[in-house]
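The values are calculated or read from the model by the stated rules, or taken from the named source; none is laboratory data. This is a predicted model, so every value here is computed, not measured. Heads up, the Cβs are rebuilt from the backbone with ideal geometry, glycines too, and the neighbour counts pull from every protein chain shown.
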Amino acid sequence: MEVAPLELLAHLAAMGTPPDDGTAVLRVSAGLQRSLERVERETLPFIAAGGGEIQFVFGPYGRGKTHFLKALAQWASERGCVTAYVDCQRPFESLVETYRAIASGMVPPGRHNFFATTGITRTIEACFTGLDATGQRMVIERLKADQALSPDFRNLVVAYCTEGVAGSGDEDLVDELEALLASTPTFRVTLGKLYRRHPSLPRPLGKLARRNAAVWLRSLLSLPQVLGYNGLVVLFDETEASLRSRRTPILSRRQQAHLAHIRTFVDHMAIGAFRGCAIYYAVTEEFIEIAGRNLEALSQRIERVRMPELDGAPNQRAVWVNIDELTNPSPQDPLFYSDLGNRIIDIGREAGLRSSDVRDASELLADVGEEYANSITEGRVRDFVKEAAALVAENVPPAVSQEKPK
């Protein structure tokens, strides 16, 4: 259900960000159209053909990194890709945690809602929706024939498709297969007992552990394309809260492992081990400093070399890219705030804002936008959204504002 205009304005005024609804996110995505179109034109066909891409998007707090990820999630979802948005509190502590975070965050294509039922099994089920028996068998045979997936992971997916989607529907068996696919830590499954109860299950049947986490992770990233989707787009959001504990000069062993696993992602993508997926990782500017201080091998892999004689247009496909380079016009340009302000005013029009108030709001926000564009203070984009949404909401006539949406 789409967010009502007044509710959207209220959320923007209070939070400075849209609610977790994909269409609402795109409505206030100022300056991102060119980047999203480039992703559609270049990246999505590349991963649909089996390629892999990774990018670290950096910028200060409140500049729009999380918004970029969520806009990208909606954009990719509308174009046939499975997406997985991951808040980076724990996923890189181990490759097992990384697998669990992506598997639990998977959302099949369509209208993206970040509160929707998610997960690897829901993604598999969605692939079978609308298929007749012949179509279901074709998907299963395609899975069986794919040699890039780890055999134990592939057999587990085949077993789930056969029993849970196209099979008899033994609920206990389906629950255990689902727990194995999601690697649910609170659901204990013993493979020996599972085979004794269901001897027809394919062998080998897998269970995620430290020893096989790397190959399972590679298989997980490739799975959507094998199922017939246009690929997988993973969006890691390294929030400021998750970085606070890393600002000490010496990192703990767990924090060092976190950085090392991120380096593994970069290396695997570079040698083509990951296929059919694009990974976007939003970080603060401090991230590269932390990496350079504590794991130079990671910073060497992602930081761009600056050469004055080659200075020119920014490379939007660089592994390490500024969010402002992906935003055109950038938040340093008054035109950015003009576009953003007009988008918020358009929401106000839908809420009942009068034409005369539209003109007044446009003029006022143009002046405010000039101030924000010339400010060096962090988080100014979010502050502008709050101010603009509050201004527009205040001018919606009371009779309209009290009217219940149909």
Notebook entry, point to check: Which condition number does VAL233 fail, the rest of (1) at pLDDT 95 or above; (2) in a helix (DSSP H, G or I); (3) under 30 Å from LEU36 (Cβ atoms) being met?
Noted result: (2)
Next item on the list: Output the residue which, of all residues in the range 1-30 that are among the β-branched types (Val, Ile, Thr) and part of a helix (DSSP H, G or I), is modelled with the highest pLDDT.
Entry: VAL25
Note to self: Testing TYR372 on (1) modelled with pLDDT under 90; (2) farther than 18 Å from ALA393 by Cα; (3) surrounded by fewer than 19 Cβ atoms within 10 Å (Cβ to Cβ), one condition comes back false. Which one is that?
What the structure shows: (3)
Next item on the list: Quick one: count up the residues across the range 322-333 that are more than 25 Å from the chain's Cα centre (by Cα) and either farther than 15 Å from ALA373 by Cβ or free of Cβ contacts under 8 Å to residues at least 40 places away in the same chain (or both).
Entry: 0
Next item on the list: Return the only residue of PHE92, PHE58, PHE46 being modelled with pLDDT of 95 or more and either surrounded by fewer than 22 Cβ atoms within 10 Å (Cβ to Cβ) or farther than 30 Å from ALA351 by Cβ (or both).
Entry: PHE46
Next item on the list: Mind listing whichever residues of the range 256-277 are in contact with a strand residue (DSSP E or B) (Cβ under 8 Å, 6 or more places away or on another chain) and under 20 Å from GLY59 (Cα atoms)?
Entry: ILE262, VAL266
Next item on the list: Of the numbered conditions (1) touching an Asp or Glu at 6+ places or on another chain (Cβ under 8 Å); (2) more than 27 Å from ALA214 (Cβ to Cβ), ARG196 fails exactly one; give the number of that condition.
Entry: (1)
Notebook entry, point to check: Does ARG79 fit the bill of being surrounded by fewer than 20 Cβ atoms within 10 Å (Cβ to Cβ), modelled with pLDDT of 90 or more and in the same structural domain as LEU235 (by TED's automatic domain parsing)?
Noted result: yes
Margin query: Taking the conditions exactly as written (among the small types (Gly, Ala, Ser), at pLDDT below 85, under 25 Å from the mean Cα position of the chain (by Cα) and assigned by TED's automatic domain parsing to the domain that holds PHE274), does ALA116 satisfy them or not?
Written below: yes
Notebook entry, point to check: What helices (runs of 4 or more DSSP H) completely inside the range 78-162 contain at least 2 residues that are of a type in the set (S, T, N, Q)?
Noted result: 95-105, 120-128, 133-145
Check: Looking only at the range 163-208, which residues are part of a helix (DSSP H, G or I) and either in contact with a strand residue (DSSP E or B) (Cβ under 7 Å, 6 or more places away or on another chain) or small (Gly, Ala, Ser) (or both)?
Finding: GLY164, ALA179, ALA182, GLY192
Item checked: Subset of the range 287-316 [charged (D, E, K, R), modelled with pLDDT of 85 or more and in a loop (DSSP other than H, G, I, E, B)] -> GLU303
